[in-house]
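The values are calculated or read from the model by the stated rules, or taken from the named source; none is laboratory data. Note that the structure is predicted; figures quoted are calculated from it, not measured. Cβ placement follows ideal geometry from the backbone for every residue including glycine, while neighbour counts extend to all protein chains displayed. Surface areas here come from the heavy atoms of the whole protein model, side chains and all, with no ligands, DNA or RNA. Shrake-Rupley method; radii C 1.70, N 1.55, O 1.52, S 1.80 Å.
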Amino acid sequence: MMPGSDRMDDTLRRLLDNREAQGRRRRLTLAPPGAVDFSSNSYLSLAAHPALKKRYLALLERSGDAFSLGSGGSRLLDGNNALTEQLERRIAAFHRAPAGLLFNSGFDANAGLFGCAPQPGDAVVYDALIHASVHDGMRLGRADTRLPFAHNTVDGGADADGTPGSLSAVLDGLCRGPHGDEFRSGRRNVFVAVEGVYSMDGDVAPLRDIVACVRERLPRGNGHIIVDEAHSTGILGPRGRGLVCHLGLEDEIWARVHTFGKAMGCSGAIVLCSPTTRSYLINYARSLIYTTALGYPSLAAIQTTYEYLAAGLADGQHANLQALTRQAHGRLGRLCRQHRIPPVVLRINPTLPESPILPLFTALARELAAYCQQHGFLLRAIVAPTVPAGTDRVRLCLHAGNTTDEVDALCKTIETWACEKMGSEATGVEDMEKSIVKSEISRL
């Protein structure tokens, strides 16, 4: 035992116990055997698709001397190869971008991009629900100013209570602030960070409005929009090209981050950008420079999946996914209305989502997730601090590989649980709501 390790363990144990007492401790878990997947991010069910696996194995078989288990080093040393650069060009062309640079993960891509692109004096303005990897990148970066704006809110005045205002209000504040003349003149840059689809709410960024707002407030061309397409890759746009291509905004977006660990069914990520930005990232992005590059098996998986999408072979999965999303949303909405389930027990967004992510808002997220798991359905509770306090939910993800019968059975299970939670007439819904709220407040 190293000297002092007992004392350090005591410190860490106290911190874990504190999180346990708040009901917020995280643990690694294994999926129950045989459970129906309504949790993972493999929206198109490509990770285990027989035809895709067959194509992947065939590519490995004919790879010859190119096959190796690892890359042997970082891209700047011995980890670069012809396949990597060819794949970057092919992916960039698929997404209608001038250039691209592969990273080992979406987290690495965001950390590298935001950690080096903003210069001293610049500002980063970001959606309040932006991914943790962007926050870590901003902490590594040199921007003097980092400001959130209210989630998916483009227009409106500044909030007086200290909560984030709209994007337009934040940009107006920058231009009126101590360095406003430098932002207005274009001498200082503003990076605006949003996601295509938000992973916990499943909603889509109002990207057209965001582009118009940035162009109006920063007409000198110093407003640079970065879109994290992690959860829109493979889901939105022609053949899964993402939100930017779906809206035809390729020329309006400074950089895009596409990741391959969700709908694409493999791993890795790419930053789509200009050739100059690509060269800059090669020189300054620490998460690229100081890590071992992707090995051939990962590159082959990425290539196989992109070929599958580009050929239109995933169109059937995409259509089925959309149908299942409509089915689940409609069924859950009807059961909430029919049984008059109070929102504290179960609430869903009334608008049909454009993504296969349906958050089931409930003050009893862990209980609902456990109930579903006991009945053979894998769903996960998402609670603070992963999501803002008071917005706990069970995250329901539909997959192309799910069936209509599975969706019906899941909705019936949720309906049974919700009706049980409403309690008997003697208890009353109002008393139950007060009990739940009191319990939630005590955990914060």
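Computed quantities for the displayed model
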read-out: Where residue 353 falls short, out of the listed (1) open to solvent by less than 10 Å² (accessible area, probe 1.4 Å); (2) outside the structural domain of residue 203 (by the TED database); value: (1)
read-out: Filter result (touching a residue at least 60 places away in the same chain (Cβ under 8 Å), hydrophobic (A, V, I, L, M, F, W, C) and buried (at least 18 other Cβ atoms within 10 Å of the Cβ)) within the stretch 108-154; value: 109, 111, 113, 114, 116, 117, 123, 124, 125, 129, 130, 134
read-out: Residue 215, sole failed condition from (1) within 23 Å of the chain's Cα centre (by Cα); (2) under 24 Å from residue 251 (Cβ atoms); value: (1)
read-out: Pairs, first open to solvent by 20 Å² or more (accessible area, probe 1.4 Å) in the stretch 277-298, second of a type in the set (Phe, Trp, Tyr), C-beta under 7 Å, six or more apart; value: 287/103; 296/67
read-out: Tally of residues being open to solvent by 60 Å² or more (accessible area, probe 1.4 Å) and assigned to a loop (DSSP other than H, G, I, E, B) across the stretch 208-231; value: 2
read-out: So residue 252, is it buried (at least 24 other Cβ atoms within 10 Å of the Cβ) and without any contact (Cβ under 8 Å) to a residue 60 or more places away in the chain; value: no
read-out: Residue check for residue 332: farther than 27 Å from residue 137 by Cβ, more than 23 Å from the chain's Cα centre (by Cα) and either outside any helix (DSSP H, G or I) or modelled with pLDDT under 95 (or both); value: no
read-out: Residue identified as on the phi > 0 side of the Ramachandran plot and either open to solvent by 20 Å² or more (accessible area, probe 1.4 Å) or in contact (Cβ under 8 Å) with a residue 24 or more places away in the chain (or both) among 326, 340, 366, 334; value: 340
read-out: Contacts under 6 angstrom Cβ, first residue in the stretch 1-26 being closer than 23 Å to residue 384 by Cβ and at pLDDT 85 or above, partner in a loop (DSSP other than H, G, I, E, B) and not hydroxyl-bearing (Ser, Thr, Tyr), 6 or more apart; value: 19/25
read-out: Of all residues making up the stretch 13-63, the number that are more than 29 Å from the chain's Cα centre (by Cα) and open to solvent by less than 50 Å² (accessible area, probe 1.4 Å); value: 4
read-out: Residue match in the stretch 375-387 (condition: without any contact (Cβ under 8 Å) to a residue 40 or more places away in the chain and farther than 30 Å from residue 81 by Cβ); value: yes
read-out: Residue match in the stretch 55-72 (condition: in a loop (DSSP other than H, G, I, E, B), more than 30 Å from residue 407 (Cβ to Cβ), among the hydroxyl-bearing types (Ser, Thr, Tyr) and touching an Asp or Glu at 6+ places or on another chain (Cβ under 8 Å)); value: yes
read-out: Only one of 196, 202, 165, 180 that is among the small types (Gly, Ala, Ser), in the same structural domain as residue 250 (by the TED database) and more than 25 Å from the chain's Cα centre (by Cα); value: 180
read-out: Exclusive hit being of a type in the set (A, V, I, L, M), more than 30 Å from residue 191 (Cα to Cα) and open to solvent by 20 Å² or more (accessible area, probe 1.4 Å), set 309, 313; value: 313
read-out: Criterion violated by residue 429 - all others in (1) open to solvent by 10 Å² or more (accessible area, probe 1.4 Å); (2) modelled with pLDDT of 95 or more satisfied; value: (2)
read-out: Matching residues, the stretch 168-197, being buried (at least 17 other Cβ atoms within 10 Å of the Cβ) and in a loop (DSSP other than H, G, I, E, B); value: 188, 189, 196
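For (1) touching a helix residue (DSSP H, G or I) at 6+ places or on another chain (Cβ under 6 Å); (2) in the same structural domain as residue 99 (by the TED database); (3) at positive phi, each residue gets a yes or a no:
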site	(1), (2), (3)
240	yes, yes, yes
245	no, yes, no
252	yes, yes, no
257	yes, yes, no
260	yes, yes, no
263	no, yes, no
275	no, yes, no
278	no, yes, no
289	no, yes, no
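Rundown of residues vs (1) hydroxyl-bearing (Ser, Thr, Tyr); (2) over 30 Å from residue 281 (Cα atoms), yes/no style:
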position	(1), (2)
31	no, yes
58	no, yes
68	yes, no
82	no, no
